[in-house]
Amino acid sequence: MRFLSVLAVTSTYLVLASCTSSPSLDDVGVRRPSQETTSSVVRPSNRASRIYTETVESPPVPQEEVLAWAGPLPSPPAFVPAPKTVAMPVPSEEAIARPIPAAPMMREAPQGRMQIYSRRFRDAKPINFGSASPRKLAVHGVDVSRWQGDVDWVNLRSQGANFAYIKATDGGDHIDPMFKTNWRKAKEAGLKRGAYHFFYWCRTAGEQADWFIRNVPREAGALPPAIDVEWNGESSCKRRPSRKLVLEKMQVFMDKLTAYYGQRPIIYTAPDFYRDNLKEAFADYPFWLRAVAEHPSKVYPGRRWLFWQYSGSGLSHGVEGRIDLNVFHGSEDEWHNWVAARSN
């Protein structure tokens, strides 16, 4: 009986021992799925040979990478670090070499010709110029200053304003408050435009030229700058220099502008000032003549002219009130040739 008890205890012990020594799931190579979601842990590479024999379903490629590389990315070998990626796709060399098309820009064709609009202005004080009417000339334009207010340049051009002279400065310290706006909008509307300076006889010519240059951009395709010389009874400067001094001051001013803008300035003047100072002077400079009652050939006999201001009482859509009307002395082809010569 004692022997049987010992045998029973021994058998029980052996059964329990065999149960505790059975191989676990880890010892037969079966792993429980990991709950780890981070990619910061790098698995040892010495286990790769055993895992290569397993059938592993490749994870789906993120949509952003498919779009960036125009196709599925190649699957890297298991547990071998993949090429570094960043939040934004890195362009290939081909993409870098391919030029990006520039946004369309509005610009004048270098050899193109601007459209010429026929004159449709009206006049509050019309003058009958007879056979020498400015209507017979092809290319009309205007000159403006602050007194024309907010100009509708697109509308004004459609009425026949193919060019404009815009007041920029006078004296040595005044700029027309509408100059920058008019300068920009006139170009946007397709007009050829130039800037003019009202000459002040109580300031030196050099400082007036410097003031103009400071405020008027040097721009390819712009018309030549203009100097407005006249006697102005409304000016605070009542000085009327001698003819000799007038010509000297004008020459200093025009020389500085010619050197800076590369074009000789146009001289604008009125009958009384011309009579007192400019007869037979500056034969090599273009003239812009005011003659609102008679043709320039009668008011300025013998003087060649480029522009004629034939009205100070013009009326037009695009402008409230009156506006100065001008015309180019030549045909449409001559206008295009003259403009082209100043665009190079």
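The values are calculated or read from the model by the stated rules, or taken from the named source; none is laboratory data. As the structure is a computational prediction, the values presented were derived from the model and not from experiment. Quick reminder, even Gly has a Cβ in these numbers, built from the backbone with ideal geometry, and neighbours come from all protein chains shown. All accessible areas refer to the heavy atoms of the entire protein, side chains included, with ligands and DNA or RNA removed. Shrake-Rupley method; radii C 1.70, N 1.55, O 1.52, S 1.80 Å.
Between D173 and L245, the C-beta separation translates, for a Förster distance of 30 Å, into a calculated FRET efficiency of about 0.90.
Net charge within 13 Å of G206 by Cβ-Cβ distance, Lys/Arg positive one each and Asp/Glu negative one each, not counting G206 itself? Neighbourhood net charge equals 0. Since only N232, L247, P296 are under comparison, the one whose Cα sits farthest along the positive direction of the charge dipole of the range 178-297, derived from C-beta charges on Lys, Arg, Asp and Glu, is N232. In this simple spin-label approximation, W147 and A340 carry label points 7 Å from Cα along the Cα→Cβ vector, and these lie 3.8 nm apart. Rolling a 1.4 Å probe over the protein heavy atoms gives the range 267-311 an accessible area of 46 Å² per residue. When all alpha carbon pairs of the range 203-262 are counted in 10 Å bins from zero, the resulting P(r) reads 19, 50, 26, 5 %.
A straight chain from H317 to A124 at 0.36 nm per residue would run longer than the Cα-Cα distance by 68.1 nm. To the nearest whole percent, what portion of all C-alpha pairs in the range 254-334 is separated by more than 16 angstrom? Cα-Cα pairs in the range 254-334 separated by more than 16 Å: 58 percent. Taking 7 Å steps out from each Cα toward its Cβ at Y260 and E294 produces label points 3.8 nm apart.
Each of V252 and A281 was given a label point 7 Å from its Cα along the Cα-to-Cβ line. The distance between the two points is 1.4 nm.
Nonpolar atom fraction for the range 131-263, defined as the carbon and sulfur part of the 1.4 Å probe accessible area, stands at 49 percent. Ordering of 241-250, 308-317, 169-178 by packing is 308-317, 169-178, 241-250, highest average first (other Cβ atoms within 10 Å, averaged per residue).
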